[in-house]
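Notes for the one structure printed next.
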Amino acid sequence: MATAPRARPRRAAGTALLLAATLLAAQGCGGSGDAPGEGAAPAAETPRRGGTLVVALRGDVDSWNPYTAGQAAAANVLELLYPRLVRERFGAGEAGLVPWAARTWSFSPDRRTLTFALDPRARWSDGSPLRCEDVAFTLALQRDEALAWDGAFLKEAIEAVECPDPATAVFRFARPSSYQALDANDDALVPAAYRAVPPAKWAETRWETRAVTAGPFRIESVKPGQEAVLARDPQFWIEGRPFLDRVVFRVYPDAAAALAALEAGEVDVLDKLPPLRAKELVARGGLAVVEAPGLAYTFVGWNALDPAAYVADRRARGCAADAPCAESAADIRRLQKSHPHPVLSDPRVRRALTLATDREDIVQGVLGGYGRVGVSPIVSALGDPFDPSAALPFDPVRAAALLDEAGWSGRDPDGVRRRGSRRLELSVIADAENGARRDALDRMAASLARAGVRLTAEPLPRAEFLARARDKRFDGVISGWRAGSRIEPQAILHSDAAAGRGNNLGAWSTPESDALLDRAAAAASPAEALPLWREWQALFREEQPYTVLYEERTLVGLSPRVRGATPSPLSPYDGLEAWWIAPAAGPPR
Amino acid sequence: MVDRAGRGAAPLSARALARRLARAAATLAVVFAITFLLLHLAAADPAERLDDPGIPAEQAARTRAALGLDRPLGAQFLATLGAWSRGELGVSIQHRRPVREVLAEALPGSLLLGAAALLVAYSLGPLVATGCALLPPRGQRRADALLLAAATLPRFWLGVMLVLVFHTWAGLLPASHAAAPGAAARFDLAHLVLPALALALPAAAAIARVQRAAMDDPEVEPRLALARAAGVSAPRALWRHRVRPALAPVAALAALDLPLLVSGAVVVESVFAWPGAGRVAADAVMGGDYPLALAATMLAAATVVAGGVLLDAVLPRLDPRVREGR
């Protein structure tokens, strides 16, 4: 059964002007989740300056330039060194932005321009002020084909950045949309001084020795494969911050070794805690586990097509196995009619499968309770657009009625339902390396068995799993997406996304859904999009192209001496400039 | 040429050396082709993302094209072969840096760890074997059983146990990384001890077992007696007929252990968070980083082949039976 979303005040929608709250207030609020972190400072304690925080990293920072770093672990560290214009408070959309390199920002009445006033105190580590020139340089770079930044598509609606003066950056948009502020704000700003290196040479440049950064910390030393030490940047523009003198990021490639180091007090922070281990740590005491809403959700996607149809059709059209091929949504719609899945094309069956799955049992058993029952691809962390009423409960009785209604009323001696000569048996492909998903599938199969559905897990090596998923050669596929700041169901459930071995793995779509997704994506503001997202979720509830099993939570383990920690869905080190070390818990390292 | 006097082997002739080097080159070429093929068939597609819906599916096609992975496998192989023949190892897909640079950065850690482990193993192994030889028969049997158990210990388990005893309980040695947090030095010998022991102890046990087996050769006693009867002094006879032949299998083991120097031991490097090439190679294989995985594999293969050539050159000097083709 779905849990209620956290209470959020509804914001006045359609606001054209966003004036930020004071930075200190914003920093203090944390905004990281509905469960206050145990690492948060008790009211009686006053933040102290000094000390070294040791953070366990599961991968290395392979480049000290955010546009050439490839390792996932690097992004969160680089956020501390290269600022964005504003910081996001996840789930609050434009209204949740708080100052960072820019102090204020405002839209023009027609939302075609967005003006940022840069903080005059913001400086790069070489002493030069952060100027509009840096913002314009960053945009040019993001679009540079030689650099081939994979977020370049986010900049398509931005016509230009204009600099009426060094402290003002004006983004001019081709059209208004729901995500203009986010589009302008993605990603890190880099100094115009980096112009000295041609973008084609960026990948092979050793940036740790020439990095020019701006933020609470700067690079002190780097030992590849081992650790990186960041030291307080005395030029940081928020007075009194950061509290920490240094942060040491130690690379721990082995998850068990990282956890052992946390338990031994050798590191202070470890993110991506396995949920079941987190539960043990909390039970044992001594360490704190801070939760933040997660962006990742796990689902079983149901195939709308006969599993053999898509590949056969591609072959008939002369398309090679995984090569790009002229293919459109019309091809998918044609297949939906000519080769529907013999069982799963019926929405009553899909709805019954969700109703008959005890997802709370999965949340408890697989995530140790650190998660919530999933509702739809619009995850609860996204705030207002999330519609809790789109949740389907665990209701085996209704599920049985729906299956009877769909003609699956016969029963074999082993309890499996039957319609005519066909037994209600389904196979779900899974990435064999993902143990949690396999556990979830086992629990789902147990639930469905009670409803007369035989679900078989088909674990596959990763490469084969990906190929089968893209080729739509499955009844069901268990997988997961990680939501971003933008609401993106059109990327996974629009008919356009089904063509070309796209992200709509199960090829489900309806004209009504496509139309709603198109209108929501083209909405001129978040307020205009909101009712459309709600309407789409109601449709999703009835159609259930996915059974969304659960949303994960971000779990960060902290040593008892850490205070003020406010991890967020965007980064486990969010607001690190406000973290501090309790003096009583031991001498600074 | 057989040296019947046993006063040293004939030097490896230029022709024989050329033949061995040619064989080594052919071996490496085969390894190159097989590795290339296996990596492309079995490793995950580095362009494929099935986690972030915000990245359009076409991005995978663009990435594949940028990496040259959209061409037929044969064309990719020839392009890679051509680049290698020019000394270009390519750019790492994961690290987005030249492969040569990534490996060069990781090698010092592996060399240090591998060298320390080999030093400990090849010092300890013969000592243990000699010590066992001094035990009464029942003691020897027990020692053999213990050596067998030690030689087959999984290194990750041994690593965890060493950490538990020497770090967690005794607090004597650091458990991870090559230096303390924030230390100026890149390597600290105290940090080397546990990972080196985790690598060395099973190897030392294996060496001791092999050497003991060689020393127990039933043919040795008659040879010794014959040598003595021929007027050879006791120490000289002992060296020639018991000790030196027993070194041959140990030398063979050493040649096989040489790759430890450049590829490290993946599991031990991970357990001890030791920065080395083994970890880099494992990550490359898992992440579908073909250029880096290929280069790391070839580096290890080259060391194995070099060890084989070295062994061919050294073995006849150690064991007269090899020279005699027995």
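Structure above, values below:
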item: Accessible area of chain A divided out per residue, in Å², using a probe of 1.4 angstrom; result: 37 Å²
item: Test item: Cα-centred dipole of chain B, Lys/Arg +1 and Asp/Glu -1 on Cβ, debye; result: 1620 debye
item: Tensor-based shape of segment A:97-160 (alpha-carbon gyration tensor, a/c under 1.5 rounded, otherwise prolate or oblate); result: oblate
item: Antiparallel bridges, percent of DSSP beta bridges restricted to the protein assembly as shown (to nearest 5); result: 80 percent
item: Spatial separation of Cα centroids for segment A:421-445 and segment A:203-265, in angstrom; result: 41 Å
item: Dipole-positive endmost among A:290, B:162, A:152 within the protein assembly as shown (Cβ charges, Cα centre); result: B:162
item: Between segment A:279-328 and segment A:112-147, the Cα center-to-center distance that results, in Å; result: 36 Å
item: Shape parameters for segment A:81-191, alpha-carbon atoms, Rg then Dmax in Å; result: 13.2, 38
item: Check: segment A:104-260 dipole with +1 on Lys, Arg Cβ and -1 on Asp, Glu Cβ, in debye; result: 220 debye
item: Occluded residues from segment A:471-513, i.e. those whose accessible area drops by 30 Å² or more once the chain is not alone (1.4 Å probe); result: A:481, A:482, A:488, A:503
item: Delta accessible area of at least 40 Å² on complex formation, residues of segment A:48-97, 1.4 Å probe, chain isolated as reference; result: A:62, A:71
item: Highest-first arrangement of A:60-72, A:387-399, where packing means the average Cβ count within 10 Å; result: A:60-72, A:387-399
item: Average other protein chain Cβ within 10 Å of Cβ, residues A:199-205; result: 2
item: Projected label distance in nm at residue B:22 and residue B:180, using a 7 Å step from Cα toward the beta-carbon; result: 5.9 nm
item: Relative contact order for chain A, counting Cα pairs under 8 Å that sit 6 or more residues apart, in percent; result: 23 percent
item: Local electrostatic count at residue A:169 - Lys and Arg +1, Asp and Glu -1, tallied over other residues with Cβ under 10 Å; result: -3
item: Gyration tensor over alpha-carbon atoms, segment A:331-489, equivalent ellipsoid semi-axes in Å; result: 25, 20, 18
item: Cα→Cβ-extended label distance, 7 Å offset, between residue B:140 and residue A:405, nm; result: 8.4 nm
item: Selected from B:185, B:119, B:259, residue furthest toward positive end of dipole (segment B:106-323; charges at beta carbon); result: B:119
item: Cα-centre dipole for chain A with unit charges at Cβ (Lys and Arg positive, Asp and Glu negative), debye to 20; result: 520 debye
item: Three-way shape label, segment A:211-298, alpha-carbon gyration tensor, a/c 1.5; result: prolate
item: Cβ-based net charge around residue A:453, under 10 Å, with every Lys or Arg adding one and every Asp or Glu removing one; result: +3
item: Residues in segment A:209-234 that, when all protein chains are in place, have 30 Å² or more less accessible area than the chain alone would give (probe 1.4 Å); result: A:223, A:224, A:225, A:226
item: Net +/- balance of residues flanking residue A:399 in space, Cβ distance below 14 Å, scoring K and R +1, D and E -1; result: +2
item: Gyration tensor verdict on chain A (Cα atoms; rounded if a/c is under 1.5, prolate if a/b is larger than b/c, oblate otherwise); result: prolate
item: Share of carbon and sulfur in the accessible heavy-atom surface of the protein assembly as shown [1.4 Å probe, %]; result: 60 percent
item: Residue-normalised accessible area of segment B:106-323, given per residue in Å² at a 1.4 Å probe; result: 45 Å²
item: Accessible surface buried upon A-B contact (total; probe 1.4 Å; Å², nearest 100); result: 3500 Å²
item: Over chain A: helical MRE at 222 nm, DSSP H runs n ≥ 4 each giving -39500 (n - 2.57), nearest 500; result: -7500 deg cm²/dmol
item: Span from the segment B:277-313 Cα centroid across to the segment A:333-397 one, whole angstrom; result: 46 Å
item: Kirkwood Rh, angstrom, segment B:106-323 [1 / mean 1/r, Cα pairs]; result: 19.2 Å
item: With all protein chains modelled, accessible area of residue A:90 [1.4 Å, Å²]; result: 10 Å²
item: Value of relative contact order over segment A:48-96, rounded to a whole percent, pairs C-alpha under 8 Å and six or more apart; result: 22 percent
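The values are calculated or read from the model by the stated rules, or taken from the named source; none is laboratory data. The shown structure was predicted, so the numbers you read here are calculated from the model rather than taken from an experiment. Here Cβ is always computed from backbone atoms with ideal geometry, including for glycine, and neighbour counts include all displayed protein chains. Each accessible area value is taken on the protein alone, full model and side chains, heavy atoms only, with ligands, DNA and RNA left out. Shrake-Rupley method; radii C 1.70, N 1.55, O 1.52, S 1.80 Å.
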